[in-house]
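Asker: Below is one structure. I have some questions about it.
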Amino acid sequence: MNLRQIFDLIQKTGILQLIKIKKFHDSTLTYARNFMTSYCLCALFNVGFFDELSKKKTVNLDIFSANRNINDKILTAICDYLFVLRILNKRERNYILGAKGKSLLKFSVGTFDFIYAYAPLFENLDSLLRNDKKYNVDVFRRNKYVAKATAEVSQFIPIPIVKDIIRKRNFKSILDIGCGSAEFLLQICEDSNLTGYGIDISKEAISYAEGLINEKSLNHRVHVKAGDIFDIEQLKSTSENIDVISSMFVLHEFLSRGQDIVIDLLKKIKRSFPNKYLIVCELSRFAPSLLRKHPSSIAEHHLFHALSEQGLLTVEEWRGVFKKAGYSLIEEKRYDFAGQAYFVLT
Ligand SMILES: C[S@@+](CC[C@H](N)C(=O)[O-])C[C@H]1O[C@@H](n2cnc3c(N)ncnc32)[C@H](O)[C@@H]1O
């Protein structure tokens, strides 16, 4: 800090003006910084910069940009910004992760995929507010990244919980509706002899899933296809002799059109797959006054679900939906701190 410059400014503007500028800077910088950092990190994730860093520990910007046909000036600007923020460290053109960057990568848990997935909504927020544009007509989320992000989040609570439910009941074959990247199916099938079938409406998510299934050489036991779960005939033809159906973070996607659509879907599933178990993993809704007391990431989940016309229900409301669909609840687990609830139904 150059004191002479500060004194000069105090003489010209007065100390109060300077304090005002400092307060303004301190209170708003965090928003600008979080916004820009998020976009920079998303872009670097998407061009494979962090994969390269994880593999090689250091990335030379000249080599990286030449090999991947990447704009060198923009890459340098982003990396230097992240260097300023101590997310990256550098020596000349070689960049490594800084301490902040290391913990960011370790604990990001799908955050940047979620941001990127829903970024189009935020970029069009004023048009959506003014009703100039409509979600799913003019503005779309990025489905592949929704699937990727959900899969990453699922590692921590959903997959271990559902694995345990499946292991206890000795199921042999499962149909996962709205399977996304198939990460859930892969994880539950790879260390058991379970056969998995998955269906998802997003062709992008299914082709990403097929890549993962190939990588893990599980093509003989994990089968996925693109399709609409409301097409019950297609759903039936997707799988053979399954013991259980799973629905991981899917049903809330349809709630903007009311609960009846979900109740109807579940009724049809129950009729088409009689005596089969149904495992539902869902997000639960909390009142803003409660979230205000504990403003965790559930607040962001509530926001982007509302913007993309998805609904959320409380655990009690979910129970009501299952009952109306004719299902009996045989096990329930809820983890309110994570906004998640698990229902085993039959
Ligand atoms: C939040 S993601 C969950 C993905 C996956 N179950 C998981 O836990 O990782 C919701 C998924 O439902 C899929 N989906 C939405 N509507 C669908 C429909 N009508 N038929 C099949 N899949 C659908 C989306 O494409 C998306 O992959």
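Asker: Rolling a 1.4 Å sphere over the protein heavy atoms, what is the accessible area per residue of segment 3-106, to the nearest Å²? Don't skip to the end; give the middle numbers.
Answerer: Working: 7440 Å² over 104 residues.
Averaged over the residues of segment 3-106, the accessible area is 71 Å².
Asker: Of the listed peptides 331-338, 94-101, 137-144, 202-209, what is their order by residue-averaged count of other C-beta atoms within 10 Å, with the highest listed first?
Answerer: Details: 331-338: 14.0, 94-101: 17.2, 137-144: 15.6, 202-209: 20.0.
Going from most to least packed, we get 202-209, 94-101, 137-144, 331-338.
Asker: Of all DSSP beta bridges in the chain, what percent run antiparallel (nearest 5)?
Answerer: Working: 18 of 39 bridges.
Around 45 percent of the beta bridges assigned by DSSP in the chain are antiparallel ones.
Asker: So, counting K/R as plus one and D/E as minus one, what does the shell of residues with Cβ under 14 Å around Tyr327 add up to?
Answerer: On the way: positive: Lys267, Lys268, Lys270, Arg271, Lys276, Arg319, Lys323, Lys324; negative: Asp264, Glu282, Glu331, Glu332.
Surrounding charge for Tyr327 is +4.
Asker: Work from the charge dipole of segment 182-279 (Cβ charges, +1 for Lys and Arg, -1 for Asp and Glu, about the Cα centre) and give the residue of Ser247, Gly227, Phe273 farthest towards its positive end.
Answerer: Going by the Cα projections, it comes out as Phe273.
Asker: Apply the membrane-span-like helix rule to the chain: whole DSSP H runs, Cα extent along the own long axis of at least 27 Å, mean Kyte-Doolittle hydropathy at least -1.0. List the helices found.
Answerer: Numbers: long enough: 15-46 (46 Å, 0.37).
Once both thresholds are applied, what remains is 15-46.
The values are calculated or read from the model by the stated rules, or taken from the named source; none is laboratory data. No experiment lies behind these values; they were computed from the predicted model shown. Counting neighbours? That spans all protein chains shown, and the Cβs are built from the backbone with ideal geometry, glycine included. Note: areas computed on protein heavy atoms with side chains; ligands, DNA, RNA excluded. Shrake-Rupley method; radii C 1.70, N 1.55, O 1.52, S 1.80 Å.
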